[in-house]
1. Ignoring ligands, DNA and RNA, what percent of the accessible area of segment 284-378 is carbon or sulfur (1.4 Å)?
2. What's the magnitude of the charge dipole for segment 53-110 around its Cα centre, counting Lys and Arg as +1 and Asp and Glu as -1 at the beta-carbon? Answer in Debye, nearest 20.
3. With r as the distance between the Cβ atoms of residue 11 and residue 290 and R0 = 56 Å, compute the FRET efficiency 1/(1 + (r/R0)^6) and round to 0.05.
4. Got a sec? Charge dipole of segment 300-388, +1 on Cβ for Lys and Arg, -1 for Asp and Glu; which of 388, 363, 310 is way out at the positive end?
5. Relative contact order, percent, of segment 53-132 when contacts are C-alpha pairs under 8 Å separated by at least 6 residues?
6. Counting other C-beta atoms within 10 Å, and keeping those with at most 14, which DSSP coil GluC sites (Glu not before Pro) do you find in segment 149-225?
7. How much FRET efficiency would the formula 1/(1 + (r/R0)^6) give for residue 213 and residue 2, where r is the Cβ-Cβ distance and R0 is 41 Å, rounded to 0.05?
8. Residue 31 to residue 360: FRET efficiency via 1/(1 + (r/R0)^6), r the Cβ-Cβ distance, R0 35 Å, to the nearest 0.05?
Amino acid sequence: MVSFPFTTPHSDHQETEGARLLADATVVSAELAGSPIWLALGHDACRKTLSDQRFSREAAIGPGAPVIVRSAADPDVLTSIDPPRHAQLRRLIATAFSPRMVEAMAPRVQQIVDDLLDAVEAGERPVDLVAAFVAPLPITVICDLLGTPGADHARIGAWSRKLMASTAYTPDEIAAAVTDIREYLAGLVAEKRANPGTDLTSVLAAAPELTPVELLANLQMLLIAGHETTVNQLGNSIVALLRNPDQLALLRAKPELMPQAVEELMRYTRLMTSTLPRVATEDVELDGQLIKQGEAVIALTGAANIDPRVFTDPAELNIERTDKAVQLGFGHGTHFCLGAHLARLELRTALTAVVTRFPDLALAVDESELRWNEGTPVRALKALPITW
């Protein structure tokens, strides 16, 4: 029996165990914490799992349901809600993440990038690019959007690491972090109601459609998920480019390829070990496998992104890739990443600045010496020592 989560080291930039299973089948049975589960590995199987309404997120957070990230098993957060309530709540939040609103943020994102890299360039070498640039950028952007004080970034980062963990912290530590961040957000909401601004917290705090519990749960989701994945994708993308100097040189020669490069880096570089579980509300056939009502399935987008059925030479980084299939790093269907436009803007801006300002950028250690945080479903660098 296949055991999940896999034991693939975080140093592996692609989903090696998933790829091995995918060579034989696009949907396989597995075991999670002693309970049976299905894994969707193929690109088409993942897309169906993430878009078919018969695979429910709400049903996957009840008693006995599989849990990957404890803080995500919250019935009031957007990622745990099924239609039609999901559509109402998403519509309320999504305005702040529309393409028009995100493009309006572009000058501010560029300013943050420039300020951080000015400090990097003026400092000593080597430098830990995670601490100096990769981590501060996304947390500053999301805190700007939500209207949280800059002085609170360190506390928010500490909570984030606990709330995104699977086994790195105890259930009690994670529960304490949830209590702490909810108390913090309750204070922020009270402040914004007394002195409202144009930030997203002020907007959501004034929305009568949200219950007090829903308001705090979804502010927590936006604050944590709104920066943590971008931090790690940015760090992993820089490592991937340094590992593939021909692609880095091509990107420098053709900067107009950056939007395409961001998508290819998301496909090529494993970020999440899995999506959140779903439970079938009726019998569903998935790539020839019968998923019975009540059975759980997890879409492994990391495996789907290297599916040789839809990607040519999937193990290769190719920023001029012409395959029709799209990468699934932002998910698919109902729960497609709310902040995808913002994440793309941050990644484009940050990577463009790094590759142009530091033409001889290099790792300050051998890649084998890089270390990733363990006990988390996100592939997160502890540090990225670089020089130039």
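1. Result for segment 284-378: 47 percent of the exposed heavy-atom area is carbon or sulfur.
2. Here segment 53-110 has a charge dipole of around 140 debye.
3. About 0.95, to the nearest 0.05.
4. Among 388, 363, 310, the one farthest towards the positive end of the dipole of segment 300-388 is 310.
5. Dividing the mean separation by the residue count of segment 53-132 yields 17 percent.
6. 209
7. 0.65
8. That pair, residue 31 with residue 360, gives E of 0.15.
The values are calculated or read from the model by the stated rules, or taken from the named source; none is laboratory data. All values reported here derive from a predicted model rather than from experimental measurement. Reconstructed Cβ throughout: ideal geometry from the backbone, glycine too, with neighbour counts over all protein chains shown. In case anyone asks, the SASA skips ligands and DNA or RNA and just uses the protein heavy atoms, side chains included. Shrake-Rupley method; radii C 1.70, N 1.55, O 1.52, S 1.80 Å.
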